[in-house]
Amino acid sequence: MTILVSNDDGIYARGLWALVRELVKISDVIVVAPDREQSAVGTSVTLHQPLRIRPAEPLVEGVKAYSVEGTPADSVIMALGVLSDGLKIDLVMSGINEGSNLGNDVLISGTVGAALQGYFHGLPSIAISVAAIKDVYLDAAAKLGALLARKVLDGELPRPIFL
């Protein structure tokens, strides 16, 4: 089983790699994320510029990682269409975002936009955020992400699901 992980905070964001460190305990993981911070871009995609994709140095051993010169949605689209190397992606996870995505904010959240692309492709998808900007503790959110991922992969949650 393989989990695709993306975000809107960029390929080297702390939250992304905290999530990956927990997910590799339960599944294979591929990371495809924007090359830089892309908050508040929602579900936007790049239409009139080339998308550049580059291998990235993973911060967790054994994980393939790529950066995309584009939005979070672009990253997931490229991962599912080009970069998965024939792997069957079973779940898309986005985050961990530093700062909450609640209420109307979900409509402009790049974190949610990345997960939504997975859902649009018929895959269970989860976006994770923490309601903090200072003193952000990512461990609990990462463990929750892994717990939810395990439930999806084990068939304990309906498919497709968008959380």
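Of the residues Val82, Val24, Val130, which exhibits the maximal mean-square fluctuation in a Gaussian network model of the chain defined by a 10 Å Cα contact cut-off? Maximum fluctuation in the GNM of the chain, among the listed residues, is at Val82. Note on the chain: GNM, Cα springs under 10 Å; of Leu116, Leu91, Leu59, the largest mean-square fluctuation is that of Leu59. Near Ser94, the amide H atoms lying under 5 Å from its own belong to Ser6, Ile126, Ala127, Ile128; only residues 5 or more places off or on other chains count, and H is placed 1.01 Å from N. Packing around the peptides 60-69, 42-51, taken as the average count of other Cβ atoms within 10 Å per residue, puts them in this order, highest first: 60-69, 42-51. With springs connecting C-alpha atoms under 10 Å apart, model the chain as a Gaussian network and identify which of Gly145, Gly110, Gly95 has the largest mean-square fluctuation. Top of the fluctuation ranking is Gly145. For Phe162, the amide hydrogen comes within under 5 Å of the amide hydrogens of Ser125, counting only partners 5 or more places away or on other chains and with H modelled in the peptide plane.
Counting only DSSP H runs of at least 4 residues, each contributing -39500 (n - 2.57), and dividing by the residue count of the chain, the helix-based mean residue ellipticity at 222 nm comes to -8000 deg cm²/dmol. The distance separating the Cα centre of region 10-29 from that of region 58-107 comes to 10 Å. In this Cβ point-charge picture (+1 for Lys and Arg, -1 for Asp and Glu), the chain has a dipole of about 200 debye about its Cα centre.
In order along region 87-99, the Karplus-derived 3J(HN,Hα) couplings, from 6.51 cos²θ - 1.76 cosθ + 1.60 at θ = phi - 60°, round to 5, 7, 7, 9, 7, 10, 10, 10, x, 7, 7, 8, x Hz, and Gly and Pro are given as x. Can you compute log10 of I(q)/I(0) for region 1-121 with the Debye formula, treating each Cα as one identical point scatterer, at q = 0.10 Å⁻¹? For region 1-121 at q = 0.10 Å⁻¹, log10 I(q)/I(0) is -0.24. Amide H contacts under 5 Å for Ala56: Ala65, Tyr66, Ser67, restricted to partners 5 or more places along the chain or on a different chain, H placed in the peptide plane at 1.01 Å from N. Among the protein heavy atoms of the chain, carbon and sulfur supply 55% of the accessible surface, probe 1.4 Å, non-protein parts ignored.
The values are calculated or read from the model by the stated rules, or taken from the named source; none is laboratory data. These numbers were taken from a predicted model, which means no experiment stands behind them. Glycine also receives a Cβ, built like all others from the backbone with ideal geometry; neighbour counts cover every protein chain displayed. Each accessible area value is taken on the protein alone, full model and side chains, heavy atoms only, with ligands, DNA and RNA left out. Shrake-Rupley method; radii C 1.70, N 1.55, O 1.52, S 1.80 Å.
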